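Take a look at the structure below.
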Amino acid sequence: MEKKNINWSELSFAYIPTDYRFVSHYKDGKWDEGKLISDPECKMSESAGVLQYAQTCFEGLKAYTQKNGRIVTFRPDLNAERLISSCRRLLIPEVSKEVFLKAVDETVRANAAYVPPYGTGATLYIRPFVYGSGAVIGVSPAPEYEFRVFVTPVGPYFKGGIKPLKITVSDYDRAAPNGTGNIKAGLNYAMSLYAGYEAKKNGYSENLYLDAATRTKVEETGGANFLFITNDKKVVTPKSSTILPSITRRSLVYVAEHYLGLEVEEREVYFDELSDFAECGLCGTAAVISPVGQIDYRGGSIQFKSGMEEMGPVTAKLRKTLTGIQNGDIEAPSGWIREIC
């Protein structure tokens, strides 16, 4: 199969329309079988639930061309389970795991020419999402829904690839206790837009959000979980009911324990202990794991021992091992890799 004429190494993390996308409609109490279409436009009522009351949730995963030429996805079953959890919280009819996996498989296979070749550093980003398409005017769930999957080839999420980032502590809260911080709802990301704009305007790559209740504990950024490395090479990840359960973070924790033999601890992480850590990373589907070199907060600054020039040694091993598994250079745990074609 001939690939598209794209300069893969120059791709940014931006939308490029591809040839096909999957769509399924929910009406009269059930989902239809769904199909591939070529039209990238969504058509809905001006009073659609997603437009009036932000009733939508989404997922993000990637497809890879492995060394042997296979096109695969990475742990898509976990994305399917997380979408179901998000749908339940927002009173959206659940998209079954079987339908989710079928939709992802078919969309990737139909757009195989857009999957970046092995070794280019680029990937095919997959965006499944579901939204209230039916008309509502009172505050209530929409009567109809649409589930779609589109794909787009992408490069690194952060400019500069894996160069250490400088981030800042946000004065805004990302999620409230007993709120929706633990699901992948579109409204969570809308809430972070203004804070993210302010951070970038002031020269930062991202925000660090503290817990809304006490503003003493580390939560996450607008789009990634945190991993910290202690001086004795223990991997520490924040624990909170308002953090999105990142599939990449869960995978990195497994890699740390079972591939690298490192001790891992999931616990509450207090902001005033950050200066004790040797390394810091942001992890997620888009970022994989990106190093943080400095965190600024109200005139003060925390600089990690790993510095601002290169990724810390433990973070680098974690990234190399996980991407090696995804690209087929390292044997994956059972069930992690799903072959598309």
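The values are calculated or read from the model by the stated rules, or taken from the named source; none is laboratory data. Predicted model only: the values in this text are computed from it and were never measured. As a convention, Cβ positions derive from the backbone with ideal geometry for all residues, glycine included, and neighbour counts pool all protein chains shown. Ligands, DNA and RNA are excluded from the accessible area calculation, which covers all protein heavy atoms including side chains. Shrake-Rupley method; radii C 1.70, N 1.55, O 1.52, S 1.80 Å.
Assorted remarks:
- Per residue, the accessible area of the stretch 116-250 comes to 41 Å², computed with a 1.4 Å probe over protein heavy atoms only.
- Cβ crowding within 10 Å averaged over residues, with 331-337, 104-110 ranked highest first: 104-110, 331-337
- With Cα atoms defining each centre, the stretch 126-164 and the stretch 240-282 are spaced 26 Å apart in the structure.
- Of ASP171, ASP232, ASP296, the one that fluctuates the most in a GNM where the chain has Cα springs shorter than 10 Å: ASP232
- Residue with peak Gaussian network fluctuation, the chain [Cα springs, cutoff 10 Å], from GLU41, GLU279, GLU265: GLU41
- Gyration tensor verdict on the stretch 175-222 (Cα atoms; rounded if a/c is under 1.5, prolate if a/b is larger than b/c, oblate otherwise): oblate
- The stretch 1-114 - percent relative contact order, Cα under 8 Å, separation 6 or more: 29
- Reported to the nearest whole Å, the Cα centre-to-centre distance from the stretch 59-75 to the stretch 298-341 is 16.
- Comparing LEU244, LEU11, LEU260 in a Gaussian network model of the chain (Cα springs below 10 Å), the most mobile by mean-square fluctuation is LEU260.
- Percentage of interatomic Cα-Cα distances in the stretch 70-169 larger than 19 Å: 56
- FRET efficiency for ASN68 and LYS239, using Cβ-Cβ distance with R0 set to 41 Å, rounded to 0.05: 0.60
- Convex hull volume of the stretch 141-222 per residue (C-alpha atoms, cubic angstrom): 134
- The alpha-carbon of LYS200 sits under 25 angstrom from the alpha-carbons of these lysines, leaving out residues fewer than 8 places away in its chain: LYS159, LYS163, LYS166, LYS184, LYS217, LYS305.
- Dividing the radius of gyration of the alpha carbons in the stretch 15-84 by their Kirkwood radius gives 1.02 for Rg/Rh.
- Taking the 1.4 Å solvent-accessible surface of the stretch 80-183 as the whole, the part contributed by carbon and sulfur is 54%.
- Given charges at beta-carbon only (K, R positive; D, E negative), |dipole| of the chain in Debye: 400
- Evaluated at q = 0.07, 0.12 Å⁻¹, a Debye calculation over the C-alpha positions of the chain (equal weights, vacuum) places log10 I(q)/I(0) at -0.29, -0.89.
- Taking a ≥ b ≥ c as the square roots of the eigenvalues of the Cα gyration tensor, an a/c ratio of 1.5 or more together with a/b no larger than b/c marks the stretch 102-260 as oblate.
- FRET E, pair LYS163, ILE137, Förster distance 45 Å, beta-carbon r, rounded to 0.05: 0.40
- The stretch 236-324, relative contact order [Cα under 8 Å, separation at least 6], %: 28
- Packing-based ranking of 83-95, 297-309 yields 83-95, 297-309, ordered from highest to lowest mean Cβ neighbour count within 10 Å.
- Tensor-based shape of the stretch 117-161 (alpha-carbon gyration tensor, a/c under 1.5 rounded, otherwise prolate or oblate): prolate
- Accessible area ranking (1.4 Å probe, heavy atoms, ligands and nucleic acids excluded), largest first, for TYR194, TYR125: TYR194, TYR125.
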